[in-house]
Amino acid sequence: MFWLNHIMRIVSMRRKHMHFQDITYMQHALQEARRALQEDELPVGAIVVLNGAVCGVGRRSHTGHSRFDHAEMIALRIALETDYKNAHDMTLYTTLEPCIMCFGAILNSRIGRIVYALEDPYGGAASLKPHHLPVRHHAQFPVIERGVLRENARALFQIFFQTTKHKFWNNHSENPLVRTCLTDR
Ligand SMILES: [Zn+2]
């Protein structure tokens, strides 16, 4: 019984430590998101962490012009160029739930863990389950943590939707992501 309690205490301490680290790294991703916001881009920031070191950083660019320049894609590319063999030990932090393109890239890269802040009921794909996906991805499905510093990310998206000059986003009051951010709750 003593050993069981001891092990449970260690697991619980590790979880707390992991949570503390998640907050620190998400703050870093939020910094990138703020830089994107200053450039009138969707405030998506992403970082990739391996063994306590940041090995990839990205932020959304060309909102309204490119459908590919997503923060996660940029951060993943840098991280995998650094060390693709240890991708399963990497964690990707992003301020918005990854879209289907980024989620596909995450699966292909075999990143072990995803942590995101704000859910995206418009384009988010992180709720896909392994059985929705090709067999290739069943064995190595990432661990997903949701809602870390969600309100901080939501506040940035609120500012973006209230101030952006991008026509697509300022004409979309019925868009589920816009509603998530602009509705008081
Ligand atoms: Zn994406």
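General observations
- Expected 222 nm ellipticity per residue - DSSP helices of 4 or more, -39500 (n - 2.57), all of the chain, to 500: -15000 deg cm²/dmol
- DSSP bridge pairs, the range 27-185: antiparallel proportion in percent, nearest 5: 60
- Interchain or long-range residues, amide H under 5 Å from VAL115's placed H: LEU92, TYR93, THR94, GLU145
- Sum of side-chain charges, MET26 neighbourhood, beta-carbon under 10 Å (Lys, Arg +1; Asp, Glu -1): -1
- Signed unit charges on C-beta, dipole axis of the chain, positive-most listed residue PHE141, ILE47, ILE114: PHE141
- Electrostatic dipole magnitude of the chain [Cβ: Lys, Arg +1; Asp, Glu -1; Cα centre; debye, to 20]: 380
- Amide H contacts under 5 Å for CYS55, placed H, 5+ residues apart: VAL48, VAL49, LEU50
- A cut-off of 5 Å between modelled amide H atoms, ignoring neighbours fewer than 5 places along the same chain, links VAL44 with ARG60.
- Residues CYS102, CYS55, sorted so that the one with the fewest Cβ neighbours within 10 Å comes first: CYS55, CYS102
- FRET efficiency estimate (nearest 0.05) - Cβ-Cβ, ARG67 to HIS88, R0 25 angstrom: 0.35
- Full-extension gain in nm, GLN162 to GLU81, via 0.36 nm per residue minus C-alpha separation: 25.5 nm
- Mean separation of Cα contacts under 8 Å, 6 or more apart, over the residue count of the range 46-185: relative contact order %: 19
Only the coordinates and a few stated rules stand behind these numbers; no lab work does. Keep in mind that what you see is a predicted model, and the values were worked out from it rather than measured. Glycine also receives a Cβ, built like all others from the backbone with ideal geometry; neighbour counts cover every protein chain displayed.
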